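The values are calculated or read from the model by the stated rules, or taken from the named source; none is laboratory data. Here the structure is a predicted model, which means the values were calculated and not measured. For neighbour counting, all protein chains shown are included, and Cβ atoms are generated from backbone atoms with ideal geometry for every residue, glycine included.
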Amino acid sequence: MITIAWDIDCTLNDYILEILKYINYHRGTNFQLNDTTHYNLTKCLPFQEKEIWGYLDNFKLEGKYILLKPNSEILQWLKKYGDNFHHIALTACSVKTASISAQWLFTYLGNWFRGFYFVPSNRDEKHIEYDKNKIEWLKRHKVDIYIEDNEDNYLQAKKLGIECYLIKQPWNNGEPVKEILKKITRRIK
Ligand SMILES: [Mg+2]
């Protein structure tokens, strides 16, 4: 069976859109999705790295993340075709919020997903580093299809010979989710 590894944030949900609303609420700003010209918010918003880390983590720790709805097109596709594939999630997040990401995944998509893996994001706390990043993780595991919104990861994973898809977001040259799902559906035998 074909294994699909899905990124979670901004692939399966609209995390960044909600983070922007959260920042706007706390800072009185008016950032829109189109302002996010880079997946790393410190590279496109006027905030220090630690401020962004705080927003990303507190949004989860305050119970807001679990309320995010999964991408509706992907959810519909999973209902129709999901059982033709083996699904796992591969996300980058802080160690202290990993359990919240896992809870989100299995709350909304537990019918289809059987694996949750994370690579710790940079934070102040020290963590064990089994893999430096998702690419190192992908080298050690068997994945047939990999779906991401992070173009750097996408390009590097492609070099490993994995069938990769880049979900369209303002910060990348990806393709619409509808087109990606059509292509994956063709893999069903
Ligand atoms: Mg992502």
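Quick notes on this one:
- Candidates are the residues of region 27-56 that are hydroxyl-bearing (Ser, Thr, Tyr) and under 19 Å from the mean Cα position of the chain (by Cα); the one that is nearest to Thr11 (Cα to Cα) is Tyr39.
- Close Cβ contacts (under 7 Å, 6 or more residues apart or on different chains) running from residues in region 131-157 that are of a type in the set (Ser, Thr, Tyr) and within 16 Å of the ligand (Cβ to nearest atom) to residues that are part of a loop (DSSP other than H, G, I, E, B) and at pLDDT 95 or above comprise Tyr146/Ile162.
- Residue that is assigned to a strand (DSSP E or B), at pLDDT 95 or above, away from the ligand (no atom under 16 Å from the Cβ) and not assigned by TED's automatic domain parsing to the domain that holds Tyr55, where the choices are Gly161, Gly115: Gly115
- The single condition among (1) out of contact with any strand residue (DSSP E or B) (no Cβ under 8 Å at 6 or more places or on another chain); (2) among the aliphatic types (A, V, I, L, M); (3) within 16 Å of the ligand (Cβ to nearest atom) that Leu45 does not satisfy is (3).
- Just one of (1) within 22 Å of Ser121 (Cα to Cα); (2) of a type outside the set (A, V, I, L, M); (3) in a helix (DSSP H, G or I) fails for Glu73. It is (1).
- Region 135-173, subset aromatic (Phe, Trp, Tyr) and in contact with a helix residue (DSSP H, G or I) (Cβ under 7 Å, 6 or more places away or on another chain), residue nearest to Leu33 (Cα to Cα): Tyr165
- Test for Thr97: is it crowded, with 18+ Cβ neighbours inside 10 Å, within 16 Å of the ligand (Cβ to nearest atom), under 16 Å from the mean Cα position of the chain (by Cα) and touching a residue at least 60 places away in the same chain (Cβ under 8 Å): no
- Picking from residues in region 54-81 that are away from the ligand (no atom under 16 Å from the Cβ) and buried (at least 18 other Cβ atoms within 10 Å of the Cβ), the one that is nearest to Asn111 (Cα to Cα) is Leu78.
- Residues being free of Cβ contacts under 8 Å to residues at least 24 places away in the same chain and farther than 30 Å from Tyr81 by Cα are entirely absent from region 100-119.
- Some residue of region 86-109 being outside any helix (DSSP H, G or I), under 17 Å from Val177 (Cβ atoms) and among the polar types (S, T, N, Q): no
- Among the residues making up region 1-38, those that are assigned to a loop (DSSP other than H, G, I, E, B), aliphatic (A, V, I, L, M) and within 16 Å of the ligand (Cβ to nearest atom) are Ile8, Leu12.
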